[in-house]
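A quick write-up on the structure given underneath.
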Amino acid sequence: SDTVLIADLLCQCFWAAGVPRTVLQFVPCSGATVGRQLARHDAVDAVILTGGTATALEMLRQKPTMNLLAETGGKNATIVTALSDRDLAIKNVLHSAFSHSGQKCSATSLLILEEEVYRDGKFRDTLCDAVESLRVGSAWELSTRINPLIRPPSGDLERALTKLEQGESWAVAPQLHVDGNPCLVSPGVKWGVQPGSVTHCTEFFGPLLGVMPAKNLHEAIDLVNATGYGLTSGLESLDDREHQVWQEGVRAGNLYINRPTTGAIVLRQPFGGMGKSAFGPGIKAGGPNYVAALMKFEDSERAGSSPTPAKRVHASEPPPLASPQKGEGDKDVDRIDRAVDSYRHWMAEEFSRPHDDFRLVGEDNFRRYLPVERVRIRVHDDDTAFDVFARAAAARSAGCRAVVSVPPGSRVSPKLEAASFGETGLHGAIDFVVESDEELADAMRCGAAGRVRYAHSGRVPELIRRASAESLAFVADAPVLAHGRIELLWYLREQSLSHIYHRYGNLGRRATEERAPVG
């Protein structure tokens, strides 16, 4: 309801461009009444949400079977190390925290400083002076940097703007009701934020920045990950070694080095998070894979056949899988062979290496894929040998830790254990567990299951749907495909990395690189 006029204008543009009104329908309504009915209706195949984490949880609570693709909140942090350009860091943090009055899900609301920087009085004075210099006023004034909030502060934001927690002090105290406007708030900076505090772990949709100390980069990364969110994250450092440590340790969907954490551009920095910042498969908006979650695929007769032999094999890729032994009644062997070839091909061509499709001068923009840490491959009596073996092979190709989860008394497991896995090398790489639906649901709720992969949506019990809604453990239930370009998406997470590597226009040792032509 806050953006209803903008939504109307957007629809007018689509209709004027020729999109039929029967295809795109605009229904301004209350989310708590008509909106709830629409989202829960059985005729709705998918619901796309950009909103709060609590909203997404409530929608899934109301209908656990909802196919929800949600980009939710973020408690985003920028780390500044002792090896940073401190003036440039302040410039980037100012933009990240206070542009749009902090009302962006990608805005930096935590500033984590390595101890040397935290104790640097000049850094603190310069930061505070820069924040206090931001002009607060009407959005119609061109000199305004902090414009009115979309609504007066309330709830968590109001409390955070008016109260300090233990150990905190105001480096810059915010002012509410500037010029008598209840929506106009000057920016605030809290100093000495403590680990585990409300300021540390709560998203504030407004112009408030919390500052925390960290002994070193590793501790700073732990503080970032402790929030449970994972939308955007920033690092200010001129050291390539710190870049690598940070990239490998921080959990967020969009990573930014020596630049602001806001302003992602379609295709250049596909957008979407991890943890409490994303619901669903986590396929990024603005990227080449986004529509896959809105499509239904089926294998063709030669599904999985690679268009060309794989030219690259990632250094960490496991050795080729052997085919399952052909047993009595087993008609899936050829299809499994094609699937394994396709998975290896697409890991080499797309998923095991970073992609920078723009190669801008002075800026890297990588799209890369990370394996889902844990995948539960849930067996059902209606599964074929292909359904089970292909999922295990896909998980292994993607680099996941995979567990084949078998219900007690399953008719499928003995044949698969002996015929499909015995000679493949998967023993040791794939774990097996016998567990009931109730035990699987408990594992999901305590975070031990990771992502759960079923072979068909009709084989997912309601109990598992409810556990998924409660735990945020995504259940992938699309039919199993032999084509690696699609099937492997369920075992991977997308991540965008944007790095401004020039410094005030100086390209340094990278000046001789071939990049995209300017203009």
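Bear in mind these aren't lab numbers, they're just calculated from the coordinates by the rules spelled out. Because the structure is predicted, anything quoted here is derived from the model rather than measured. Cβ sites come from the backbone with ideal geometry, for glycine too, and all protein chains shown count toward neighbours.
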Review point. Label CYS29 and HIS502 with points 7 Å out from Cα along Cα→Cβ: what is the distance between them in nm?
Key: 5.0 nm
Exercise for review: With the convex hull built on the Cα atoms of segment 154-239, state its orientation-averaged projected area in nm².
Suggested key: 6.7 nm²
**Study point:** Gain upon complete extension [THR126, THR3; 0.36 nm per residue less C-alpha separation]
**Key:** 40.7 nm
Review point. Can you give the three extents of the C-alpha atoms in segment 5-111 along their principal axes, from longest to shortest, in whole Å?
Key: 55, 37, 20
Exercise for review: Would you calculate the separation in nanometres between label points at VAL291 and ALA226, each defined as 7 Å from the Cα along the Cα-to-beta-carbon direction?
Suggested key: 4.4 nm
Check your understanding: Of all the stretches in the chain, which is the longest one without any exposed loop site, taking GluC sites (Glu not before Pro) in a DSSP loop (any state but H, G, I, E, B) with at most 16 other Cβ atoms within 10 Å?
Key -> 1-140
Check your understanding: Within the chain, which is the longest segment containing none of the chymotrypsin sites (Phe, Trp or Tyr not before Pro) that sit in a DSSP loop and have at most 10 other Cβ atoms within 10 Å?
Key -> 141-503
Revision key, fill the gap. Percent relative contact order for the chain, counting Cα pairs under 8 Å at least six residues apart, stands at 14 percent
Exercise for review: Measure of size requested: the Rg and Dmax of segment 193-284, with Cα atoms as the atom set and Å as the unit; please supply both.
Suggested key: 13.5, 37
Point to revise | Point-to-point label distance, TRP170-GLU373, nm (Cα→Cβ direction, 7 Å offset) | key: 4.0 nm
Check your understanding: Give me the log10 of I(q) over I(0) for segment 223-273 at q = 0.13 Å⁻¹, as the Debye formula computes it from C-alpha points; what are the numbers?
Key -> -0.30
Check your understanding: Over all Cα pairs of segment 434-492, how is the pair count split among 10 Å bins, expressed in % and running from 0 up to the last occupied bin?
Key -> 23, 52, 23, 2
Practice item. Taking the dipole about the Cα centre of the chain, with the C-beta of Lys and Arg at +1 and of Asp and Glu at -1, give me whichever of MET59, THR3, ALA77 is farthest to the positive side. Key: THR3
Practice item. Beyond 22 Å between alpha-carbons counts as too far, so tell me which of LYS75/LYS104; LYS215/LYS284; LYS91/LYS284 fall in that bin. Key: LYS215/LYS284; LYS91/LYS284
Study note, to complete from the structure: Stretched fully, the stretch from GLN12 through ALA43 gains (0.36 nm per residue minus C-alpha distance, one decimal, in nm) 8.6 nm
Point to revise | For the chain, the spread of Cα positions along each principal axis, largest first, Å | key: 80, 58, 51
Check your understanding: If only Cα atoms are counted, what is the Rg of segment 33-189, and what is its Dmax, in Å?
Key -> 19.3, 60
Exercise for review: Provide the three semi-axes, in whole Å and in decreasing order, of the ellipsoid equivalent to segment 189-235 as defined by the square roots of 5 times the Cα gyration tensor eigenvalues.
Suggested key: 16, 13, 10
Review point. Rounded to the nearest 20 Debye, what is the dipole magnitude of the chain about its Cα centre when Lys and Arg each give +1 and Asp and Glu each give -1 at the C-beta?
Key: 600 debye
Review point. Based on the Cβ-Cβ distance from GLU513 to VAL266, what FRET efficiency comes out when R0 is 25 Å, to the nearest 0.05?
Key: 0.50
